[in-house]
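**Q** Below you will find the structure I want to go over with you.
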Amino acid sequence: MISTSAISSATDPQIACSELKAQLDLSVMTTIIFYCASSFDLSLLADAINSHFPDNECVGCTTAGEFNGAGYETDTIVAVGFHDSCFAIQSTLIENLTEFSTFDAQKTINSLRESIAEKALACIDSNSFIFSIVDGLSAKEEVFLTNLDTFTNGIPHFGGSAGVGLDGNKTHVFYDGKFRTSAAIVMFINTKQKFSIFSVNHVDQCRSKLVVTDADARTRQVFEINGEPAASVYAELMGLSVDELDAEVFSLHPLAVKIGRDYYIRSIQRVNKAFYSLSFYCAVDKGIVLNEVSLVDINMPLLKKLESIRNSLGSPHMVMGCDCFLRRIASVSKGVIDKTHAIQSEFNLVGFNAYGEHINGLHLNQTFTGVYISEEAYE
């Protein structure tokens, strides 16, 4: 085996961890990555993880949903154990995203490379990738990812921002036995297996252009669009009232920035009715142009990408993914969830619904971003 995934829907943390442990062969795996619903009592869950996996390095995060090959899950824990014969993994914690500098980024990457060199299974430069998990409400992803990518020296990098359920207001990452906020985890993964890092969205084309005329970049809040209250402008564009704006509307009618030839969605998080402003999950600032965009079938770009990689690298062992939670909402709203589940099953998609996705230094919204890990190894 290359890796093993496990899932538990038990609400008791001790029972959940016991069920995960029964599905994983801990004698052949050092590192376990897990994704957990934020509905758990996180202090109790941390205790359960530490007691059931004392000899394993466990890293993970809270989510806005999970998936494990058979479809989207809710209120579960999904875990992946990486077999030591196929993966060498070195991880580190970034404790304070606010103060993470380019100097810190250089130290982080250099330290990870030096450590992985001692246990690498294949050429580091051609057979490695980086995986990151970040506090999804820190509003620090852009600077963190830009700094980190400056020193990756071509090593492909993907990841996701931790999420939270509708009843929560904090996102957490887990490292060294504790759940943490305003923090990030960076993992340097060396493997003998063929793999491909990728990211897809389902943007079609631009419908109209909107200029941000007042915003606070620090809080990712847009106060005015085209000189008018932002929420009112967006609602009018949708043919709705401000009171009708919700996550489903945001998922089906996104705004995007254009960089080069490509559109990158800037997902709306919420309406702030006190100011009639819009808060975003991704970077926004005064003067940028937000494009109202049309969308194609949400499943088609992902299916085409996975089929293309399979033709090149062979059958998938697993696709470890970060899938924006707004894509999940859109899939349900559009009535195409069965097709989404079919793709998840065919390609063994394992991962979590994120508050943002990371690809080679970029922080994205409403994408599926991940790594395709093949059954085939490099010669």
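The values are calculated or read from the model by the stated rules, or taken from the named source; none is laboratory data. None of these values were measured; they are calculated from a predicted model. Using ideal geometry, Cβ is built from the backbone for each residue, glycine included, and neighbour counts are taken over all protein chains shown. Accessible surface areas use protein heavy atoms only, side chains included; no ligands, DNA or RNA. Shrake-Rupley method; radii C 1.70, N 1.55, O 1.52, S 1.80 Å.
**Q** What is the spread of the Cα atoms of the chain along each of their three principal axes, largest first, in whole Å?
**A** Answer, in whole Å and largest first: 60, 43, 42 Å.
**Q** Still on this structure: Ignoring ligands, DNA and RNA, what percent of the accessible area of the range 313-379 is carbon or sulfur (1.4 Å)?
**A** Of the solvent-accessible surface of the range 313-379, carbon and sulfur hold 50 percent.
**Q** Additional query: Taking the range 155-208 as the region of interest, what is the percent of Cα-Cα pairs per 5 angstrom bin, listed from the shortest bin to the one with the maximum distance?
**A** All Cα pairs, binned at 5 Å, distribute as 4, 11, 17, 15, 14, 17, 12, 6, 2, 1 percent.
**Q** Per residue, how large is the accessible surface of the range 284-379? Use a 1.4 angstrom probe and give square angstrom.
**A** About 36 Å² of surface per residue is accessible.
**Q** When 1/r is averaged over all different Cα pairs and the result inverted, which Kirkwood radius in Å belongs to the range 281-379?
**A** 14.9
**Q** Okay, next question. Tell me the carbon and sulfur percent of the accessible area for the range 139-206, rounded to whole percent, probe radius 1.4 Å. Please report the intermediate quantities before stating the final value.
**A** Values: 1070 of 2520 Å².
Carbon with sulfur: 43 percent of the solvent-accessible area.
**Q** Which whole-Hz ³J(HN,Hα) couplings does the range 339-352 yield from phi under the Karplus relation 6.51 cos²θ - 1.76 cosθ + 1.60, θ = phi - 60°, glycine and proline marked x?
**A** 5, 4, 5, 5, 5, 4, 6, 4, 10, 6, 7, 10, x, 8
**Q** Using all Cα-Cα distances in the range 1-94, what percent lands in each 10 angstrom bin from 0 up to the longest?
**A** The percentages, shortest bin first, are 17, 53, 29, 2.
**Q** In nanometres, what is the gap between the two model label sites at ASP25 and HIS83, each 7 Å from Cα along Cα-to-Cβ?
**A** Computed distance between label sites ASP25 and HIS83 equals 0.6 nm.
**Q** May I pose another question? Provide the gained length on full extension for the span ASP12 to MET300, in nm with one decimal, where the gain is 0.36 nm per separating residue minus the Cα-Cα distance. Spell out each step's value before the answer.
**A** Working: separation 288, 0.36 × 288 = 103.68 nm, distance 3.77 nm.
So the extension gain works out to 99.9 nm.
**Q** Moving on to the next point. Taking amide H atoms as placed 1.01 Å from N in the peptide plane, list the residues 5 or more away in sequence, or in a different chain, whose amide H sits under 5 Å from that of ASN360.
**A** HIS157, PHE158
**Q** Would you mind getting me the FRET efficiency between LEU252 and ALA70? Use the beta-carbon distance for r and R0 = 22 Å, nearest 0.05.
**A** Using R0 = 22 Å, I get an efficiency of 0.30.
**Q** If we count every other residue with Cβ under 14 angstrom of LYS209's Cβ, Lys/Arg +1 and Asp/Glu -1, where does the sum land?
**A** Result for the local shell: +2.
**Q** Here's a follow-up. Out of all DSSP beta bridges in the range 1-124, what portion is antiparallel? Express it as a percent rounded to 5.
**A** Numbers: 14 of 21 bridges.
Of all bridge pairs located within the range 1-124, approximately 65 percent are antiparallel.
**Q** Sum up the charges of everything whose Cβ sits under 10 Å from the Cβ of VAL284, counting Lys and Arg as +1 and Asp and Glu as -1, but leave VAL284 out.
**A** +1
**Q** Right, something else. At q = 0.11, 0.21, 0.23 Å⁻¹, what base-10 log of I(q)/I(0) does the Debye formula yield for the range 39-126 when every alpha carbon is treated as an equal point scatterer in vacuo?
**A** So the normalised log intensities are -0.49, -1.18, -1.19.
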